[in-house]
Number of protein chains: 2
Amino acid sequence: MAEKQLRRSLAILPMSTVMALTDLSARQIRYYETQALVHPARNEGNRRRYSLNDVDRLLEVKDGLASGMDFATMRHLYAKTHQVESTQLESKRLSDERARHLLEAEMQQLAGMRPPQSGLQQHL
Amino acid sequence: MAEKQLRRSLAILPMSTVMALTDLSARQIRYYETQALVHPARNEGNRRRYSLNDVDRLLEVKDGLASGMDFATMRHLYAKTHQVESTQLESKRLSDERARHLLEAEMQQLAGMRPPQSGLQQHL
DNA sequence: TCTTTCGTGTCATAAGTTCTGACATGAAAG
DNA sequence: CTTTCATGTCAGAACTTATGACACGAAAGA
């Protein structure tokens with residue numbers, strides 16, 4: 001469903017967190033990007049911001065490498081499977097408040113508005 | 001379940017992301033911390049790292065303020081609803097692989113629980 | 001009305017984080 | 001033996017965040 005896709009595409013994680021989550025070095029992570037295996041979003045200051053999709057992709061790459069697969073192969077393989085752009089959150093907000101609101105509205109539509117009112121507490 | 005609390009406690013988000021997610025200023029977020037309403041973890045460089053629990057708490061505080069509640073009240077209120085300390089990723093208490101899966105599951109679980117008022121919120 | 005307290009904005013300064021590009025290297029491939 | 005790979009590491013610049021201080025309008029008290 002669109003919702004899940006959306007959530008997983010939110011660009012919210014900085015390099016340091018991704019490094020911890022994947023146990024890869026910044027060098028490796030950037031290198032995989034030059035190999036077109038991941039396409040993290042960027043904030044206004046040009047800092048990379050990763051989504052959960054990105055983190056998954058990196059872990060797949062890591063596994064692929066471990067099992068002797070080469071980048072070209074993985075690239076082709078992923079080309080078929082994935083293609084959703086990561087949704088930039090931070091950059092749009094920081095650069096233009098209005099753009100951010102538009103993004104929110106857009107996201108709500110994509111997510112298919114649901115009737116809330118359910119406090120979070122009760123789920124905790 | 002313990003797992004749920006765990007994933008919601010992973011300290012993975014930097015200030016900028018939290019600002020975007022909550023639509024609060026850094027000043028506000030830090031102030032609420034001085035009021036003992038949130039307790040973000042810190043990385044090795046003393047930078048704050050927020051968990052999903054922290055983001056939720058901030059949104060609750062935001063709502064509380066909007067409805068005229070004061071900090072002391074909220075503080076007491078939250079004191080009852082005990083909570084777990086946020087888990088620092090950097091401390092490696094969790095395998096990265098596991099942390100990632102827990103986080104992912106939590107994000108999915110959180111979707112659709114929040115009131116529409118702030119649009120973006122419900123996607124996390 | 002005068003004085004505090006609150007919640008935030010805004011600055012300044014220091015320090016942590018990330019960016020890009022370049023040079024280096026052991027291992028594999030040719 | 002020579003390239004190509006995948007990474008490490010360094011440097012310098014730019015971005016982000018931290019803390020502390022001064023300011024201020026709105027509320028609350030006295």
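The values are calculated or read from the model by the stated rules, or taken from the named source; none is laboratory data. As the structure is a prediction and not an experimental result, all values here were calculated from the model. Cβ placement follows ideal geometry from the backbone for every residue including glycine, while neighbour counts extend to all protein chains displayed. With ligands, DNA and RNA removed, areas are computed over all heavy atoms of the protein, side chains included. Shrake-Rupley method; radii C 1.70, N 1.55, O 1.52, S 1.80 Å.
Assorted remarks:
- Among the candidates B:Gln122, B:Gln83, the residue that is at the interface with chain A (Cβ under 10 Å from one of its Cβ atoms), open to solvent by less than 70 Å² (accessible area, probe 1.4 Å) and modelled with pLDDT under 95 is uniquely B:Gln122.
- Residue check for B:Ala20: open to solvent by less than 50 Å² (accessible area, probe 1.4 Å), hydrophobic (A, V, I, L, M, F, W, C) and either within 11 Å of chain A (Cβ to nearest Cβ) or in contact (Cβ under 8 Å) with a residue 24 or more places away in the chain (or both): yes
- Top-ranked residue in the stretch B:29-38 [being surrounded by 16 or more Cβ atoms within 10 Å (Cβ to Cβ) and closer than 14 Å to B:Met74 by Cβ; ranked as farthest from DNA strand C (Cβ to nearest atom)]: B:Val38
- Check on A:Ile12, within 9 Å of another protein chain (Cβ to nearest Cβ) and in contact with a helix residue (DSSP H, G or I) (Cβ under 9 Å, 6 or more places away or on another chain): yes
- Among the residues of the stretch A:23-44, those that are away from chain B (no Cβ under 14 Å), of a type outside the set (A, V, I, L, M) and either within 15 Å of A:Ala66 (Cβ to Cβ) or within 10 Å of DNA strand D (Cβ to nearest atom) (or both) comprise A:Arg27, A:Arg30, A:Tyr31, A:Tyr32, A:Thr34, A:Gln35.
- Residue match in the stretch A:39-55 (condition: of a type in the set (Asp, Glu), open to solvent by less than 70 Å² (accessible area, probe 1.4 Å) and either away from DNA strand C (no atom under 11 Å from the Cβ) or assigned to a strand (DSSP E or B) (or both)): yes
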